[in-house]
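The values are calculated or read from the model by the stated rules, or taken from the named source; none is laboratory data. It should be emphasised that the depicted structure is a prediction, and the values quoted were computed from it without experimental measurement. With ideal geometry, Cβ positions are generated from the backbone for all residues, glycine too; neighbour counts draw on all protein chains shown.
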Amino acid sequence: MEDKPLDTHESLQVISSMIAKAKDSYHDTGIVSILWGTVIGLCSLATWSQIQFDYKLPFDIWVLTFLAVIPTVILSVKENKQRKVKTYDQTAMDAVWICFGVGIFLVVHANNHVFQMVGELKSMVESAGEPRPAQSFLEYYSAYMLVLYGIPTIVTASIKNFKPMWVGGIICWISALVVPYTNIKVDMLLMALSAITAWLFPGIILYCKTLARRKAVHV
């Protein structure tokens with residue numbers, strides 16, 4: 001059979017299909033953003049709830065961040081195997097989000113030891129007959145966590161030119177300025193707000209665009 005030239009409609013379909021496949025990375029589909037927005041938002045709200053209603057979970061809720069690192073790495077490895085050609089943007093995004101996930105887990109791990117040490121120091125002060133210090137390390141821990149949250153958000157927004165993430169990243173850093181002057185409960189609410197605006201909502205927007213793009217290609 002002889003090859004016949006594609007008409008205009010067929011050519012557009014081929015081009016649209018190629019573009020859709022190029023934008024099917026887990027960054028462009030919003031999956032990684034939805035994942036981290038859900039995990040960090042849940043952990044923040046759970047911590048606020050424990051403080052507000054005076055109870056304690058049988059495990060550290062922030063350990064869930066490690067569970068978010070695992071699928072992030074798996075998605076990256078799977079995509080690397082499937083793609084013969086990978087753009088510099090995709091390589092940069094992989095590095096940013098994997099480093100972010102590992103960094104969050106390491107910070108949480110270190111903070112657990114700091115919380116224990118500070119608690120022991122406060123107990124020693126009380127046993128010496130001195131009033132227990134009112135300040136808590138958690139009040140300042142929130143600030144540098146929020147700074148860390150803003151980094152992959154701003155980088156992603158810059159690479160993808162995606163305004164919703166710009167807004168979310170700015171909210172993260174504004175919250176980082178505010179939390180040293182607010183109580184712990186407000187800090188946790190600001191962390192939840194930051195996670196939702198920086199990752200969850202933008203991720204949902206990207207995912208909806210992906211579904212619409214795939215539907216258009218198959219029409």
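Key figures
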{"read-out": "Unmet requirement for Asp89, which otherwise passes all of (1) over 20 Å from Ser194 (Cβ atoms); (2) at pLDDT below 75", "value": "(2)"}
{"read-out": "Any hit, segment 157-171, residues being hydroxyl-bearing (Ser, Thr, Tyr), within 24 Å of Tyr88 (Cα to Cα) and in contact (Cβ under 8 Å) with a residue 12 or more places away in the chain", "value": "no"}
{"read-out": "Residue list for segment 167-193, filter: within 14 Å of Trp48 (Cα to Cα) and of a type outside the set (Val, Ile, Thr)", "value": "Asn183, Lys185, Asp187, Met188, Leu189, Leu190, Met191, Ala192, Leu193"}
{"read-out": "Considering residues of segment 46-70 that are aromatic (Phe, Trp, Tyr) and assigned to a helix (DSSP H, G or I) only, the residue surrounded by the most Cβ atoms within 10 Å (Cβ to Cβ)", "value": "Trp62"}
